1. If one computes P(r) from the Cα atoms of the chain, what percent of pairs lie at distances over 19 Å?
2. Relative contact order, percent, of region 130-179 when contacts are C-alpha pairs under 8 Å separated by at least 6 residues?
3. Packing-wise, with mean Cβ within 10 Å as the measure, how do 37-46, 65-74 rank, highest first?
4. Could you check how many percent of all C-alpha pairs in region 38-105 are farther apart than 19 Å?
5. Quickly rank 150-158, 52-60 as a protection proxy: mean count of other C-beta atoms within 10 Å, highest first.
6. When only DSSP loop residues count, what GluC sites (Glu not before Pro) in region 60-139 have their Cβ near at most 13 other Cβ atoms within 10 Å?
7. Any idea what the relative contact order of region 3-143 is, in percent, if you count C-alpha pairs under 8 Å spaced at least 6 apart?
8. Can you give the percent of C-alpha pairs in region 1-71 whose distance is more than 15 Å?
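The values are calculated or read from the model by the stated rules, or taken from the named source; none is laboratory data. Quantities reported herein were computed from a predicted structural model and do not represent experimental measurements. Cβ placement follows ideal geometry from the backbone for every residue including glycine, while neighbour counts extend to all protein chains displayed. Accessible surface is based on the protein model in full, side chains and every heavy atom, while ligands, DNA and RNA are left aside. Shrake-Rupley method; radii C 1.70, N 1.55, O 1.52, S 1.80 Å.
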Amino acid sequence: MYPQLILASASPRRSELLKQIGIRHSIMAVDIDETPWPGEAPAAYVERVAAEKSALCLATVGTDLPVLAADTSVICDGRILGKPDDLQHAIEMLSHLSGRSHQVYSAVSLRGEQHWQALSVSEVRFRHLSHQEIVAYWQTGEPCDKAGAYAIQGLASVFIESITGSFSGVMGLPLFETAQILSLAGIDIIP
């Protein structure tokens, strides 16, 4: 079977989520500067980064297939928490999230004959985390390349008291919003 689209991401989670809803795809990861601009609002940031990824992938591949990209960020107190640089950075981030709520913004960008975008915002509440738990979690390797230094679908699921919004959005690809924009492009999940 031929792919229905190109996923502009190296994230195995995003690929698995697309497979979960039956979307055949090929993968073409792109590398862009994901540094937030000074004063950039979280929604504008994730939408810009997702759009830049889909644009670069489409320009690089030069295909007739639609290109899907996404970006996800953890936001606490208005601050964008990216991927941790090292253990100390992860300790700082997870200590900041400990015992409180934060938001996860996940933007989706689809380029084909047009450009469609969608945004998901979810609220996640962590239980209190001890310093020892944070260090032990880091040592598993799971938080090393994750926004906010955690993966909701992995070991960090035991840190989550509650979630309001999109579980798949917190994972990195909000499926409800993705299905909506795929439908606009003529790709139906359930024909």
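1. Details: 10431 of 18145 pairs.
Tail of the P(r) past 19 Å holds 57 percent of the pairs.
2. Details: 23 pairs, mean separation 10.5, N = 50.
Once divided by the residue count of region 130-179, the mean separation gives 21 percent.
3. Descending packing order for the listed peptides: 65-74, 37-46.
4. Working: 1086 of 2278 pairs.
In whole percent, the share of Cα-Cα pairs in region 38-105 beyond 19 Å is 48.
5. Numbers: 150-158: 17.8, 52-60: 19.6.
For the peptides 150-158, 52-60, the packing ranking is 52-60, 150-158.
6. Values: sites: 92, 113, 123, 133; in loops: 113.
Of the GluC sites (Glu not before Pro), the ones in loops of region 60-139 whose Cβ has at most 13 other Cβ atoms within 10 Å are 113.
7. Working: 236 pairs, mean separation 31.3, N = 141.
Relative contact order here is 22 percent.
8. Numbers: 1329 of 2485 pairs.
Counting pairs separated by more than 15 Å, the tail of P(r) holds 53 percent.
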